[in-house]
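Let me begin by presenting the structure, written as structure tokens, before commenting on it.
The values are calculated or read from the model by the stated rules, or taken from the named source; none is laboratory data. Every value quoted in this text rests on a predicted model; they were computed, and no experiment measured them. FYI the Cβ positions are ideal-geometry reconstructions off the backbone, even for glycines, and counts take in every protein chain you see. Surface accessibility is based on the protein's heavy atoms, side chains included, excluding ligands, DNA and RNA. Shrake-Rupley method; radii C 1.70, N 1.55, O 1.52, S 1.80 Å.
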Amino acid sequence: MPFTLPPRSPSGPRRRSLLASAAGTFVLVGCSAPESSTDTTVETPSVADRARARAARDSETLAARYAAVITAHPPLAARLRPLRAEVVGHAKAFGSGGTAGSRPSASGSPSASASAHPSPSPTVPGQEKDALADLATAERTLADQRTTALLTVPGELARLLASVAAAGAAHAFLLTEGAK
């Protein structure tokens, strides 16, 4: 005797009914979503603006440190100027207003750039090796801070922070590479 399945009679709602009611639920949720998303969008720009301003200030401060080391140790100038130029570019990418710490001098000389900085110059170690290690530590610390900040900012700013953090890590490597 062949095995036959009993006729199926739907005991509950049909699949189409469930899908239609699920779609209706999403439509209703979608209609109410703008009110709640407006509240979060109001907060997001201020968080992003604060993070962007802090990143710009941090880059300006780092550029000032580079300028101070270049001024204190002129033989390092050729090695440090390209790295400092990138840090200045990072400050601009974060929306720096071109404050003195990140302002490259017209002549490219470190003394002109350092004299334009209104706050006291950072303390520079007397030995070139120590000055490079100090810059590398500052780059690593800043890269770590920016990596941590990635979780708190929206997409485009997070990508910029990640890129600049990676560049900072590369700078730290380049600063310590010659010490070996």
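Within the range 87-99, the set of residues being aliphatic (A, V, I, L, M) and either out of contact with any Ser or Thr (no Cβ under 7 Å at 6 or more places or on another chain) or open to solvent by 30 Å² or more (accessible area, probe 1.4 Å) (or both) comprises Ala93 only.
Residues that are of a type in the set (A, V, I, L, M, F, W, C) and surrounded by fewer than 17 Cβ atoms within 10 Å (Cβ to Cβ) within the range 125-168 comprise Ala133, Leu150, Leu151, Ala162, Ala166, listed in sequence order. For Ser96, the conditions (1) modelled with pLDDT under 95; (2) assigned to a helix (DSSP H, G or I); (3) within 25 Å of the chain's Cα centre (by Cα) are fulfilled apart from (2). Against the definition (at pLDDT below 95, of a type outside the set (Lys, Arg) and open to solvent by 70 Å² or more (accessible area, probe 1.4 Å)), how does Ala112 come out, yes or no? Judged against the criteria, Ala112 is not a match. Condition (residue is open to solvent by less than 60 Å² (accessible area, probe 1.4 Å), assigned to a helix (DSSP H, G or I), at pLDDT 50 or above and touching an Asp or Glu at 6+ places or on another chain (Cβ under 7 Å)) applied to the range 71-86: is it met by at least one residue? Scanning the range 71-86 turns up at least one residue that is open to solvent by less than 60 Å² (accessible area, probe 1.4 Å), assigned to a helix (DSSP H, G or I), at pLDDT 50 or above and touching an Asp or Glu at 6+ places or on another chain (Cβ under 7 Å). Close Cβ contacts (under 9 Å, 6 or more residues apart or on different chains) running from residues in the range 120-139 that are under 15 Å from Leu83 (Cβ atoms) to residues that are basic (Lys, Arg) and part of a helix (DSSP H, G or I) comprise Leu132/Arg79; Asp134/Arg65; Leu135/Arg65; Ala138/Arg65.
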